[in-house]
Amino acid sequence: MTPAGRRLPPVVVDALLAALLLLNVLTTHPPHELPVAAVLTAALALPLLWRRRAPLTVFAAVVAAAFVQWLMDVQLPADIAVLVALYTAAAHAGRRATLVAGAVVEAGVLLACLRWAPDGAFLTPFVAVTAMAVAAAVLGVNVRTTRAYLAAIEERAARLEQEREQRARLAVAEERTRITREMHDIVTHNLSVMVALTDAALYAQHRSPDRTTTAMRQVAETGRQALTDMRRSLGVLRTDEPDAQRHPLPGITQLEALADQMCAAGLPTRLEVDGSHTHVPATAQLTVYRLVQEALTNTLKHTPAGTRADVRIRCAAETVTVDVTDSGPCPPPPAAAPSGHGIPGMRERAAAYGGTLQAGPLPGGGWGVHTCLRLGSSGAASA
């Protein structure tokens, strides 16, 4: 078939085939045989117009017309319609229907050769017509198999695309959760420190102007650091900016500055780091920093003046243990915010490294936070 023919609608191609068969009858048969030949040709060819909609029904109609033709002892070129119907049945029906259709056609081939084969030449036409029937059936089966294979590939591609979109949505949701958690820690901590420093500056503005100036400078520095941390969390900070060099990604090294900041805000904080932390990944160090920051911020917000805090970090080959305790007379109330804020957010951070956060009142008074991060945990990759 030409490229132009392939662009024609299938029903037009089938109509052209039926028209050619009818035209052949009209031009090759004598007038006295024309009515019967034309009717039988129409009965064989016209059902092909619906062969794609109802392949088995069309096959049955064509075979029935061929059987009537055999009974009337009329040979027609339109018998090719039987092969077309067999091909269509094999291309659209199942294996069992294809076998039944092939057996019916083979029986028709046997009957036709018994009646119309020349004397002593039965085998040659029988083998030839049988080969054409087998070729039509095999071609139809191959088309059906190819169609099913392409459909399976398309379905798999659609499923993979859907899974890819789902993974993308999950990644976006996880990133939003991470940003929300980071923003909560940054804003809560820095605002708490700035409020405490501002209150101290107001209290000392008349008695000690120097301390007021120092406190306000610390407020400004805390605000700048908060802005830098927020921009970094939102992914808009370039590495060549001055703030990026002044405020690197928080880690265990920055805990000393955090302790000094808490001391300036009115919460005396003692820091103890056991072991070397050089082997601890940057993301794990950030988790440690955020855990300590959140715990100290809760202590600063919920305990009265005079409370002291102790932070102890123990770094081992495969784990990092974090302990934050305070001497407050009553424990701070647990955060009731949704996941990603306060203590629930701390639990999420610890769980990312296979740790279980323990937060609660201490036997001797005060509040304690304890967790152990496993550096080899698979969850570290998702942190």
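Determine the gain in length on full extension of the stretch residue 27-residue 122; use 0.36 nm per residue of separation and subtract their C-alpha separation, reporting nm with one decimal.
Working: separation 95, 0.36 × 95 = 34.20 nm, distance 2.92 nm.
Length difference between fully extended and current span is 31.3 nm.
Note down the accessible area of residue 92, probe 1.4 Å, to the nearest 10 Å².
Its accessible surface works out to 90 Å², give or take rounding.
Once you place label points 7 Å from the Cα toward the Cβ at residue 11 and residue 180, how far apart are they in nm?
Using points 7 Å along Cα→Cβ, the separation is 5.5 nm.
Once you put a point 7 Å from the Cα of residue 318 and another 7 Å from the Cα of residue 99, both along the Cβ direction, what distance in nm separates them?
Placing both labels 7 Å along Cα→Cβ, they lie 5.9 nm apart.
Have a look at 156, 147, 96 and tell me which one the Gaussian network model of the chain (Cα, springs below 10 Å) gives the largest fluctuation.
With Cα springs under 10 Å in the chain, the top fluctuation among 156, 147, 96 is at 96.
Full extension from residue 155 to residue 213: what is 0.36 nm times the residue separation minus their Cα-Cα distance, to one decimal in nm? Show your work: numbers first, answer last.
Details: separation 58, 0.36 × 58 = 20.88 nm, distance 6.89 nm.
Stretched out fully, the residue 155 to residue 213 stretch lengthens by 14.0 nm.
Mind ordering 30-38, 126-134 by average Cβ neighbours within 10 Å, highest first? Mind dumping the intermediate values first?
Values: 30-38: 12.1, 126-134: 15.2.
Packing order, densest peptide first, comes out as 126-134, 30-38.
For the chain, modelled as a Gaussian network with Cα springs under 10 Å, which listed residue fluctuates most, 352, 78, 196?
Comparing 352, 78, 196 in a Gaussian network model of the chain, the most mobile one is 78.
Hey, what number do you get for the chain at 222 nm if only DSSP H runs of n ≥ 4 count, each worth -39500 (n - 2.57), divided across all residues, to the nearest 500? Mind showing how you got there, number by number?
Details: 12 runs with 240 residues, N = 383.
One gets -21500 deg cm²/dmol as the mean residue ellipticity at 222 nm.
Could you work out the equivalent-ellipsoid semi-axes for the chain, taking the square root of 5 times each eigenvalue of the Cα gyration tensor, largest first, in whole Å? Intermediate results must be reported in sequence, preceding the final value.
Numbers: eigenvalues 1686, 91, 52 Å².
Square roots of five times the eigenvalues give 92, 21, 16 Å.
Report the extension gain between residue 165 and residue 75 in nm, rounded to one decimal, defined as 0.36 nm multiplied by the number of residues separating them, less their alpha carbon distance.
Details: separation 90, 0.36 × 90 = 32.40 nm, distance 6.12 nm.
Between residue 165 and residue 75, full extension yields 26.3 nm more.
Let me know the Kirkwood hydrodynamic radius for segment 43-155, please, with Cα pairs as the basis and the value in Å to one decimal.
Details: mean 1/r = 0.0687 Å⁻¹.
Computed over segment 43-155, the radius equals 14.6 Å.
In the neighborhood of residue 11, defined by Cβ-to-Cβ distances under 11 Å, what is the net charge if each Lys or Arg adds +1 and each Asp or Glu adds -1? If you can, show how the numbers build up before the last one.
On the way: positive: 51, 52, 53; negative: 14.
Residues near residue 11 contribute +2 overall.
At a Förster radius of 22 Å, what calculated FRET efficiency corresponds to the Cβ-Cβ distance of residue 134 and residue 19, to the nearest 0.05? Can you show the working numbers first?
Details: r = 28 Å, r/R0 = 1.28.
In this case the efficiency is close to 0.20.
Can you tell me the orientation of helix 10-28 relative to the chain, as the angle in degrees between its alpha-carbon axis and the longest Cα principal axis, to the nearest 10?
Taking the Cα atoms of the chain, the angle to 10-28 is about 10 degrees.
Roll a 1.4 Å probe over the protein heavy atoms and report the accessible area of residue 318 in Å², nearest 10.
Result for residue 318: roughly 110 Å² accessible.
Say each of residue 199 and residue 60 gets a label point 7 Å from the Cα, pointing the same way as Cα to Cβ; how far apart are those two points in nm?
Those two pseudo-labels are separated by 9.0 nm.
The values are calculated or read from the model by the stated rules, or taken from the named source; none is laboratory data. All figures in this text were calculated on a predicted structure; none of them were measured in a lab. Cβ: placed from backbone, ideal geometry, glycine included. Neighbour counts: every protein chain shown. Areas reflect the complete protein model, heavy atoms only, side chains present, ligands, DNA and RNA absent. Shrake-Rupley method; radii C 1.70, N 1.55, O 1.52, S 1.80 Å.
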